[in-house]
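Have a look at the structure below, then the notes.
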Amino acid sequence: MKEENNILKETVAEFCDKNLDEKKIESEGITHGITELLASQGFLGATIPGKYSGSELDNTSYEIILEEIAKNSPSVAMKIFILNSLYYPSVKGTSAETTLSDAASGKLNVAVDFINRANDIKENAGKLSGTLINVLGSDAEKIILFNENTSIISGPFGYSDRDFMGFRGIKFGDITLDNTATVLDSKNRKGEILEASYGPLSAIALGMISGALQKAIDYTSVRKAFGNYLKDFEPISFRLAQFRSTESVLRSALYGEADPYYVFNLAMESIVEIARYSVNAHGGYGYFQDFGVEKFYRDAIVMKSIFYGNQELRKLAEHVYSEKINFV
Amino acid sequence: MFEEYDEYRNKIREFALKEFTEEMAAEYDRKEEYPDELRKKSLSLGIIDMQNPAKVMIAIEELCRVDAGLGIAVTTPYFGSEVIMLFGNDRQKEILQDVYKGKYILGLAVTEPSGGSDVAGLKTTAMKQGNKYILNGSKMFITNGAIADYLVVLARTSEDPNPHHGLSTFLVNTKSKGFNANKLVDKLGVRATNTAELQFNNIELNEDDLIGEEGKGFYYIMMFFNISRIYVAAQSLGIAIGALDRIKSYIKENDIKDEDSMFRLSDVGTHIEATRQMTYNAASYLFEFKPKPELTSMAKAYGSETAVYAAESAMEMLGDKSLYEDVQRIFRNAKIMEIWEGTSEIEKLVIARYILKGE
């Protein structure tokens, strides 16, 4: 990694230590104050062009920011990802592109919907009505709707929180469209947007792996059972050491020359197992929010459930065979 | 195995489907509250029969299949009762009858803040002073801790070079002076169950609060674990079947035919069948008073891994749909199976020890 990348890494880590109280974020959400801080540091608009007050960073710098923040707060990393990897490419070249200034400065909240389908919404004279269930993002002014097309919907919206197990800082909720919302743009580009997200998503996954694992390593270094430290028990320290190897290989692959398809596959295939074992290593304490490790397990399975399924595996197989496959 | 209980099983299934509505399960999960009305209802309908361990096991499986949070909540008011049933005196057994009738809630307090797996390393003491025992110490992650009327407590009554000696069990009234319970919140799952941290500050216990013989507490608790681990295996089996139920519905409703999904479905089903065979096999020895701890630990360790595997599979297979279904609750509930009543690591040590002993 280049010197400037190491400096960025340290800067972001320092920012997280100083400003991100993850327990508070999990219980209260990402406050406006945190959003403003992220904007002032240039993290919020990491890849957004300078003309829209973004930082216009390269991929490596952007991924370093996501990784470092996800170690501490996967929710905050996901918020940055939504703006830079989903919203920015969705509005690029459309009339909504000018809203990027607000996005980079923290004045625009964006929600993402992967669940609802086109027939959940009715359109009448350009105005939308209906309810979108379990949308990722709270108090949003814009929604990116990934269904048959990628649509940008502009509010105002009605909003109600849902209890949710993952990315609690962002919150999931139901959004009501009451003949006030409009479609700003609609194109079929879900596939290309998500494929271009493999690197950033892998960076978030890497940060979560690193964060969970470090908690497990720290805990097993000080916690005793049967008169010995937990790390003195081979099955525990061997397993954690193997996971650190995976983490290290993943990091080299992400910031190196490895194919993003393979990096994403390794990240998604590792994240739940490592987060789960990190909970295990804490014994009963791991099951409680207070120790800050169970959130990685919740967030990991949510991330895998949303972004990695049969379609991604098919794409990977076709990538390997370099041809379209007629799956049975 | 246990086919003679098919009718009983159907009755439990019917009860769970009727009473454990999604709204109720979600509400108690959200509020982290104990569903006391449901406990009373289950008692009045004869859902729990603590005199028959096979019925208890089947009830746990079927209730957890629908919702583990509520299922465990209605089957734990009797937690620790086997210690009294096997070793208690007449007065304690009278109290136990009131527990069975629903008048009291019972709990078992073994784990301490400084160590969960290392039972013999516990620090709580009950030293004898005259004809009293004085209980001091603290306990952690105690199920029913803040709602129990009585607790079976393991404490050290004498120092001994062998740490397994010198431990004793007591039946402690939670109204005793010096008892304090602090409800623990923000659990990942099984949030309808009550979990607490306890403090004992100079609680005076009478000689007839001692359960069984002084100094044999460790062995009583290990014997109890032989039973309770079967019940955890049954919880795991129920959770895994519940996850499979959701996967099957999703596949059918969405007409999913891809082979990757079929293979995953097949793997989950195979794990469940193996768990069922292991659990019922271990239970068949235990319920004939010929326990085989290695089989029990195998069932518990494998079963808990199966519950987690099935729950994670359901999350991944349903994808974004899993996020607003009860599947996410199954996922959160499953994880505790690998932790309580002996972590998977402890179970593996027990299994290895018995395999070597068999040679």
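The values are calculated or read from the model by the stated rules, or taken from the named source; none is laboratory data. Computed from a prediction, not measured in an experiment: that's the story for all the values here. We place every Cβ from the backbone using ideal geometry, glycine too, and count neighbours over all the protein chains shown.
For B:LEU188, are the conditions met, namely being buried (at least 22 other Cβ atoms within 10 Å of the Cβ), modelled with pLDDT of 95 or more and closer than 19 Å to B:THR125 by Cβ?
Taking the combined requirement at face value, the residue does not satisfy it.
Taking the range B:161-180 on its own, how many of its residues are surrounded by fewer than 21 Cβ atoms within 10 Å (Cβ to Cβ) and either without any contact (Cβ under 8 Å) to a residue 24 or more places away in the chain or in a strand (DSSP E or B) (or both)?
5
Do we find that A:LYS315 is more than 12 Å from chain B (Cβ to nearest Cβ), surrounded by fewer than 19 Cβ atoms within 10 Å (Cβ to Cβ), in a helix (DSSP H, G or I) and of a type outside the set (S, T, N, Q) in this structure?
Here the answer is yes, as A:LYS315 does meet what is asked.
Does B:VAL268 satisfy being more than 10 Å from chain A (Cβ to nearest Cβ), aliphatic (A, V, I, L, M), in contact with a Ser or Thr (Cβ under 7 Å, 6 or more places away or on another chain) and under 30 Å from A:PHE307 (Cβ atoms)?
When the stated conditions are applied, B:VAL268 passes them.
For the range B:255-267, give me the residue count where each residue is farther than 23 Å from B:ALA334 by Cβ and loosely packed, with under 12 Cβ neighbours inside 10 Å.
3
Out of the range A:102-127, which residues are away from chain B (no Cβ under 14 Å) and assigned to a loop (DSSP other than H, G, I, E, B)?
Selection gives A:SER105, A:GLY106, A:LYS107, A:LEU108, A:ASN109, A:ALA125, A:GLY126.
Filter the range B:322-342 for residues that are facing chain A (nearest Cβ under 7 Å) and modelled with pLDDT under 90; which is surrounded by the fewest Cβ atoms within 10 Å (Cβ to Cβ)?
Ranking the candidates gives B:TYR324 first.
Has the range B:278-286 got any residue that is assigned by TED's automatic domain parsing to the domain that holds B:THR306 and over 21 Å from B:ARG9 (Cα atoms)?
No.
Condition first: surrounded by fewer than 13 Cβ atoms within 10 Å (Cβ to Cβ) and in contact (Cβ under 8 Å) with a residue 40 or more places away in the chain. Now tell me which residues in the range B:1-29 satisfy that.
Result: B:MET1, B:LEU17, B:GLU22.
Take the residues in the range B:137-147 that are in contact (Cβ under 8 Å) with a residue 60 or more places away in the chain and assigned to a loop (DSSP other than H, G, I, E, B); name whichever of them is surrounded by the most Cβ atoms within 10 Å (Cβ to Cβ).
Step by step, filter the range B:137-147, then rank; the result is B:ASN144.
Out of the residues in the range A:294-307 meeting the condition of being of a type outside the set (A, V, I, L, M, F, W, C) and at the interface with chain B (Cβ under 8 Å from one of its Cβ atoms), tell me which one is nearest to B:ASP258 (Cα to Cα).
Among those residues, the one meeting the criterion is A:SER305.
Out of B:LEU17, B:LEU38, which single residue is away from chain A (no Cβ under 14 Å) and in contact with a Leu (Cβ under 7 Å, 6 or more places away or on another chain)?
Criteria check complete, one pass: B:LEU38.
Answer with yes or no whether A:TYR297 is more than 23 Å from A:ALA216 (Cβ to Cβ), among the aromatic types (Phe, Trp, Tyr), modelled with pLDDT of 95 or more and in a helix (DSSP H, G or I).
In short, no.
Filter the range A:150-175 down to the residues that are among the hydroxyl-bearing types (Ser, Thr, Tyr) and either surrounded by 15 or more Cβ atoms within 10 Å (Cβ to Cβ) or in a loop (DSSP other than H, G, I, E, B) (or both) and list them by number.
A:THR150, A:SER151, A:SER154, A:TYR159
How many residues does the range A:20-35 contain that are within 19 Å of the chain's Cα centre (by Cα), assigned to a helix (DSSP H, G or I) and either outside the structural domain of A:ILE65 (by TED's automatic domain parsing) or not hydroxyl-bearing (Ser, Thr, Tyr) (or both)?
Of the residues in the range A:20-35, 8 are within 19 Å of the chain's Cα centre (by Cα), assigned to a helix (DSSP H, G or I) and either outside the structural domain of A:ILE65 (by TED's automatic domain parsing) or not hydroxyl-bearing (Ser, Thr, Tyr) (or both).
Is there any pair linking a residue in the range A:227-248 that is on the phi < 0 side of the Ramachandran plot and assigned to a helix (DSSP H, G or I) to one that is surrounded by 11 or more Cβ atoms within 10 Å (Cβ to Cβ) and among the acidic types (Asp, Glu), with Cβ under 7 Å and at least six apart or on different chains, and which?
A:PRO235/B:GLU345
Please state which one of B:VAL56, B:VAL99 is closer than 27 Å to B:GLU14 by Cα, surrounded by fewer than 24 Cβ atoms within 10 Å (Cβ to Cβ), at pLDDT 95 or above and touching a Leu at 6+ places or on another chain (Cβ under 7 Å).
On inspection, the qualifying residue turns out to be B:VAL99.
Across the range B:109-136, what is the total count of residues that are within 13 Å of chain A (Cβ to nearest Cβ), in a loop (DSSP other than H, G, I, E, B), surrounded by fewer than 19 Cβ atoms within 10 Å (Cβ to Cβ) and not polar (S, T, N, Q)?
Counting residues in the range B:109-136 that are within 13 Å of chain A (Cβ to nearest Cβ), in a loop (DSSP other than H, G, I, E, B), surrounded by fewer than 19 Cβ atoms within 10 Å (Cβ to Cβ) and not polar (S, T, N, Q) gives 3.
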